[in-house]
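K.L.:
Before anything else, here's the structure in question.
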Amino acid sequence: MTDDLLQIVAITVFSTLVLTLFLLIFPYVSTPAVCQATRLVLENPGSEIIVYGRFRVSNDTYFVYFSCGLQIPKEKIQVIYRTEGKLVIGTTADGFLYVR
């Protein structure tokens, strides 16, 4: 009886821990398709790619950082409207990145 109760408690604690870790890490995960599309449009000015995914953005005084590891100079960013869902990632003919 005691062994069964200890097993139930151990399984409950373990599953709660796993669920908590998943919920804490999940918002920081970015979709690889977003980063690949961003690299492609930056290499080909004037292009546009539609992808479905998510990413996080942070910035400092000189650069904008994508959660997948991309580092883009701040002056090369035109606008970032959305960070998840259906994203239209493109560059202008001048090479400015936009995400809608």
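The values are calculated or read from the model by the stated rules, or taken from the named source; none is laboratory data. Because the structure is a prediction, the values reported are computed rather than measured. FYI the Cβ positions are ideal-geometry reconstructions off the backbone, even for glycines, and counts take in every protein chain you see. Just the protein is used for accessible areas: all its heavy atoms, side chains included, with ligands, DNA and RNA removed. Shrake-Rupley method; radii C 1.70, N 1.55, O 1.52, S 1.80 Å.
K.L.:
State which residue pairs qualify: first residue over 17 Å from Gln71 (Cβ atoms) and inside the range 18-37, second residue surrounded by 10 or more Cβ atoms within 10 Å (Cβ to Cβ) and among the hydrophobic types (A, V, I, L, M, F, W, C) in any location, beta carbons under 6 Å apart, and separation of 6 or more residues or different chains.
P.N.:
From residues that are over 17 Å from Gln71 (Cβ atoms), the pairs are Ala33/Val51.
K.L.:
Right, something else. Could you check how many residues of the range 45-82 are assigned to a loop (DSSP other than H, G, I, E, B), open to solvent by 60 Å² or more (accessible area, probe 1.4 Å) and touching a residue at least 24 places away in the same chain (Cβ under 8 Å)?
P.N.:
3
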